[in-house]
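Asker: Encoded as structure tokens, here's the structure I'll be asking about.
The values are calculated or read from the model by the stated rules, or taken from the named source; none is laboratory data. Quick caveat, the model's predicted, so the values are computed rather than measured. Cβ sites come from the backbone with ideal geometry, for glycine too, and all protein chains shown count toward neighbours.
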Amino acid sequence: MNTILRRILLGLLVIVATFVGLWAAVFPQSFYASFPGLGLHWISSDGPFNEHLIRDVGGLYLGFAAAAIGAIVAKSATPGRVVGIGWALFGILHLGYHFARPEGSSLDHVGTVVSLAANLLIGLALLLPVRRANAGTRVEAAR
């Protein structure tokens with residue numbers, strides 16, 4: 001069974017991944033210069049512009065969004081758990097990089113770490129087994 005909470009978490013990932021993915025894939029120079037917006041600059045502080053790399057990042061995030069949409073409409077929780085594996089692995093590596101290499105202002109560094117940690121936690125939450133709805137209903141952990 002694919003729970004409402006799992007679908008909500010997947011929906012949050014769809015929103016994040018679509019925002020990042022479309023911006024990077026369609027407007028790579030703008031993404032490089034001004035991501036995440038609001039006067040913060042999380043990408044440009046880390047090296048020169050590379051259009052190929054930025055567009056690939058956009059494609060990666062859009063791929064994650066597509067996988068999460070597929071998991072939302074699935075009847076079982078298994079696709080959501082698989083998406084969680086991908087997000088968790090990506091999140092650990094991405095967070096580790098930024099945590100070890102603080103770039104920009106303190107606000108930039110804190111914002112980066114907090115946002116990446118949130119994505120990692122959502123990925124990890126998707127890995128959790130589904131709990132039984134009540135004692136009379138048997139729900140398998142793998143579903």
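Asker: Pairs only if they're at least six apart or on different chains, beta carbon under 8 angstrom, first in the stretch 106-119 and touching a residue at least 24 places away in the same chain (Cβ under 8 Å), second crowded, with 16+ Cβ neighbours inside 10 Å and of a type in the set (Lys, Arg); list them, first residue then second.
Answerer: none
Asker: Taking the stretch 1-46 on its own, how many of its residues are of a type outside the set (Phe, Trp, Tyr), modelled with pLDDT of 95 or more, within 19 Å of Asn119 (Cα to Cα) and surrounded by fewer than 16 Cβ atoms within 10 Å (Cβ to Cβ)?
Answerer: 5
Asker: Out of everything in the stretch 96-105 that is in a helix (DSSP H, G or I) and touching a residue at least 12 places away in the same chain (Cβ under 8 Å), what residue ends up being nearest to Ala65 (Cα to Cα)?
Answerer: Taking the stretch 96-105 and keeping what is in a helix (DSSP H, G or I), we get 96-100.
Next, only the ones that are touching a residue at least 12 places away in the same chain (Cβ under 8 Å) stay: 98-99.
Working: His98: 22, Phe99: 24 Å.
Once the filter is applied, the top-ranked residue is His98.
Asker: Something else about it: Quick check on the stretch 84-112: of everything there that is over 25 Å from Ile8 (Cβ atoms) and hydroxyl-bearing (Ser, Thr, Tyr), which residue is modelled with the highest pLDDT?
Answerer: Tyr97
Asker: Testing Gly63 on (1) closer than 26 Å to Ile8 by Cβ; (2) surrounded by 14 or more Cβ atoms within 10 Å (Cβ to Cβ), one condition comes back false. Which one is that?
Answerer: Gly63 satisfies all of (1) closer than 26 Å to Ile8 by Cβ; (2) surrounded by 14 or more Cβ atoms within 10 Å (Cβ to Cβ) except (2).
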